Amino acid sequence: MRVLTILFALSLCAQEKSKFEMLGWIAGNWSGNMGRATMEENWLPAAGGAMLGLSRVVAGPRMVAFEFLRIVQKDGEVYYVAQPGGRPATEFKLTSVTATKAVFENPAHDHPKIITYEKDSEGNLVATIEGDERGQHKKQEFRFVRQHISGR
């Protein structure tokens, strides 16, 4: 009987996903609107311990913002790494993860301090940034719909 208990416990452990593996739902091509601008986030699926992302905002005929993004495993932890406008990288540590929500935090960063990705009940992606800026708590939400790219 004891052998069966041990085998059952090992089976459960093997079935548990790592925190990094739980983030697979972020992968895909997403777009949304911010006023008259169009936002896009494109995330490659995990490979080699990393997910790579690219974000851009287009207003009219111009790209007005872009960002290189990564979610990586490092030293037994998971980090969201942002490089807005190609600037030096800022890391946000994964502090909470479920099958539909991930929270990344960097209390030492000026703004944002918290980045949240959540899949809503309709399967859309909701990204939120928040933190204190100039003495005020600010929270900004970005809503994205999955895009199906033809030819893939």
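Coordinate-derived values only; no laboratory data. From a predicted model like this one, the values you see are computed outputs, not experimental measurements. Positions of Cβ are generated from backbone atoms using ideal geometry, with glycine treated the same way; all protein chains shown enter the neighbour counts.
Restricting to Cα atoms and excluding each atom paired with itself, what does the Kirkwood estimate give for the range 65-127 in Å?
Averaging 1/r across every pair of different Cα atoms and inverting gives 12.4 Å.
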- request: Just check the range 20-147 against the gyration tensor rule for me: Cα atoms, a ≥ b ≥ c as the square roots of the eigenvalues, rounded for a/c under 1.5, and otherwise prolate or oblate depending on whether a/b exceeds b/c.
  value: rounded
message: Between the range 33-58 and the range 81-152, what is the separation of their alpha carbon centroids in Å?
response: 11
query: What value does the range 15-85 have for Rg/Rh, both radii from Cα atoms and Rh as Kirkwood defines it?
result: 1.07
- line: The relative contact order of the chain, taking Cα pairs under 8 Å that sit 6 or more residues apart, comes to a percentage of 16
message: What do you get for the angle between helix 2-15 and the principal long axis of the chain? Use alpha-carbon atoms, 0 to 90 degrees, nearest ten.
response: 10
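Can you give the helix-only mean residue ellipticity at 222 nm for the chain, where every DSSP H stretch with n ≥ 4 adds -39500 (n - 2.57) and the sum goes over all residues, rounded to the nearest 500 deg cm²/dmol? Walk me through the intermediate numbers first.
Details: 1 runs with 14 residues, N = 152.
Calculated mean residue ellipticity at 222 nm is -3000 deg cm²/dmol.
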message: I want the local charge near Arg143. Using Cβ-Cβ distances under 14 Å, sum +1 for each Lys or Arg and -1 for each Asp or Glu among the other residues.
response: -3
